[in-house]
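**Student:** Mind looking over this structure? Questions follow.
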Amino acid sequence: ISMSKNSVNMLSSTVSGTTAVTGNKISGDSFYGFTDGLHTIAIYPTNFLGQVEIQATLAENPTNSDYFNITLKNGQYATYNQQSSVDGYTFQGNFLYLRAIVTPQAGNTGTIDKILLNY
């Protein structure tokens with residue numbers, strides 16, 4: 001059986017304002033039986049001021065405490081200072097579920113339009 005990889009938005013809607021938003025759990029590579037563990041995300045900000053973190057879990061029925069941070073290029077968070085260019089990250093791990101947490105800073109007037117996950 002051949003299974004193709006897909007791309008999915010980790011957010012249910014655009015994130016704006018100054019309230020932190022936790023995206024829904026998204027099935028990761030391991031959920032579909034892929035063994036390479038390769039995940040790629042693309043974050044689409046528009047003048048966003050704040051940070052984005054990606055978390056993963058190995059739990060089948062995860063609670064908040066089951067998630068752990070994925071280390072991105074320069075640490076655990078992608079930090080934006082009114083940036084509007086797409087930012088990409090690749091990481092590896094056989095995770096069952098992933099989620100994004102968007103934390104705007106005070107005074108944010110921008111948005112995170114979408115976070116695409118390719119697994």
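**Student:** Could you tell me which residue of the stretch 7-34 is least open to solvent (accessible area, probe 1.4 Å), considering only residues that are over 25 Å from G107 (Cβ atoms) and hydroxyl-bearing (S, T, Y)?
**Tutor:** It comes out as S27.
**Student:** Can you pull out every residue in the stretch 6-32 that is under 19 Å from T63 (Cα atoms), of a type in the set (S, T, N, Q) and modelled with pLDDT under 90?
**Tutor:** S30
**Student:** Looking at the structure I just gave you, is N94 in contact with a helix residue (DSSP H, G or I) (Cβ under 6 Å, 6 or more places away or on another chain), open to solvent by 40 Å² or more (accessible area, probe 1.4 Å) and of a type outside the set (V, I, T)?
**Tutor:** Here the answer is yes, as N94 does meet what is asked.
**Student:** Still on this structure: Can you give me the number of residues within the stretch 64-76 that are open to solvent by less than 30 Å² (accessible area, probe 1.4 Å) and either assigned to a strand (DSSP E or B) or more than 26 Å from T18 (Cα to Cα) (or both)?
**Tutor:** Total satisfying the criteria: 2.
**Student:** If you don't mind, another one. Within the stretch 35-63, work out how many residues are open to solvent by 10 Å² or more (accessible area, probe 1.4 Å), in a strand (DSSP E or B) and at positive phi.
**Tutor:** Selection size over the stretch 35-63: 0.
The values are calculated or read from the model by the stated rules, or taken from the named source; none is laboratory data. Remember, predicted model here, so these are calculated numbers, not experimental data. Glycine gets a Cβ as well: all are built from the backbone with ideal geometry, and neighbour counts include every protein chain shown. Please note that ligands, DNA and RNA were not included when accessible areas were found on the heavy atoms of the full protein model with its side chains. Shrake-Rupley method; radii C 1.70, N 1.55, O 1.52, S 1.80 Å.
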